[in-house]
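The values are calculated or read from the model by the stated rules, or taken from the named source; none is laboratory data. Predicted model only: the values in this text are computed from it and were never measured. Positions of Cβ are generated from backbone atoms using ideal geometry, with glycine treated the same way; all protein chains shown enter the neighbour counts. For accessibility, only protein heavy atoms count, side chains too; no ligands or nucleic acids. Shrake-Rupley method; radii C 1.70, N 1.55, O 1.52, S 1.80 Å.
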Amino acid sequence: MAQIFPRNANLLARLSIFALVLLVVEGILILGVYFRSNYFRQVNVAIEQPVAFSHQLHVNVIGMDCRYCHTSVDQSYFANIPATETCMTCHSQIKTYSPLLEKVRESYATGKPIEWVKVYDLPNFVYFNHSIHVNKGIGCSTCHGQVNNMPVVWQQQALYMGWCLNCHRNPELYVRPREEVYNMDYVPPANQLEIGRQLVAEYGIMPPEQLTNCYVCHR
């Protein structure tokens with residue numbers, strides 16, 4: 001009986017299978033890189049909000065402290081979004097008829113809160129407590145960047161697990177005096193390592209083997 005397939009058919013079949021496997025592996029790697037990219041996590045992408053609020057104006061120009069709006073940042077696990085009444089504390093007297101504040105006035109009149117868009121949104125399986133970080137000397141700008149220079153807020157860090165663990169393994173490199181926590185222009189001193197070790201002991205920060213325990217962030 002004559003051969004139906006040529007002699008090189010087996011080689012072509014093997015090459016086809018190898019190419020398919022290679023293509024699948026390459027696809028998985030590309031997806032892995034994409035889902036870990038800054039583009040996917042929207043890092044450095046300005047987030048449009050229902051009201052054009054400028055941190056640059058309110059912090060740098062006017063000199064407002066973070067805690068005036070984010071009142072629970074040092075007391076609760078979350079940094080609260082200010083109520084409309086907080087905005088109207090000033091804007092009932094300043095820029096009262098500005099068209100940019102129309103939604104603020106509407107919210108105040110109707111009692112319906114403004115639906116702000118979250119910039120940092122951790123997965124549900126991650127536990128994060130703002131107050132413990134603030135009270136242990138981790139500054140706002142360490143995670144959020146120079147918000148005081150942002151006319152529109154964007155995500156400065158992707159907040160991947162490896163990035164968080166780097167701080168938990170080496171807290172002395174990031175901790176600062178408590179009075180400098182809200183200083184957005186704070187620059188670590190040349191002897192940060194020496195000062196950091198002193199602050200770690202003074203603030204009672206747990207050792208790395210405890211800070212890197214899975215339970216700390218996954219409860």
Worksheet item: Just a yes or no: is a residue in the stretch 25-41 within 21 Å of residue 154 (Cα to Cα), of a type in the set (A, V, I, L, M) and open to solvent by 70 Å² or more (accessible area, probe 1.4 Å)?
Response: no
Item to complete: Looking at (1) in a helix (DSSP H, G or I); (2) touching a Pro at 6+ places or on another chain (Cβ under 9 Å), find the lone condition where residue 209 falls short.
Response: (2)
Fill in: Yes/no for residue 104 being more than 21 Å from residue 49 (Cα to Cα), open to solvent by less than 40 Å² (accessible area, probe 1.4 Å) and not charged (D, E, K, R)
no
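The rows are residues; the columns are (1) in contact with a helix residue (DSSP H, G or I) (Cβ under 9 Å, 6 or more places away or on another chain); (2) acidic (Asp, Glu); (3) farther than 17 Å from residue 76 by Cα; (4) open to solvent by less than 40 Å² (accessible area, probe 1.4 Å).
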residue: 90; (1), (2), (3), (4): no, no, yes, no
residue: 111; (1), (2), (3), (4): yes, no, yes, no
residue: 116; (1), (2), (3), (4): no, no, yes, no
residue: 123; (1), (2), (3), (4): no, no, yes, no
residue: 140; (1), (2), (3), (4): yes, no, no, yes
residue: 146; (1), (2), (3), (4): no, no, yes, no
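Tell me yes or no: at least one residue of the stretch 14-22 is touching a Ser or Thr at 6+ places or on another chain (Cβ under 7 Å) and open to solvent by 80 Å² or more (accessible area, probe 1.4 Å).
no
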Worksheet item: Quick one: how many residues across the stretch 156-179 are open to solvent by less than 70 Å² (accessible area, probe 1.4 Å), closer than 26 Å to residue 127 by Cβ and not polar (S, T, N, Q)?
Response: 12
Practice prompt. Scan the stretch 180-202 and give yes if some residue there is surrounded by 17 or more Cβ atoms within 10 Å (Cβ to Cβ), of a type in the set (A, V, I, L, M, F, W, C), out of contact with any Pro (no Cβ under 9 Å at 6 or more places or on another chain) and on the phi > 0 side of the Ramachandran plot, otherwise no.
Written response: no
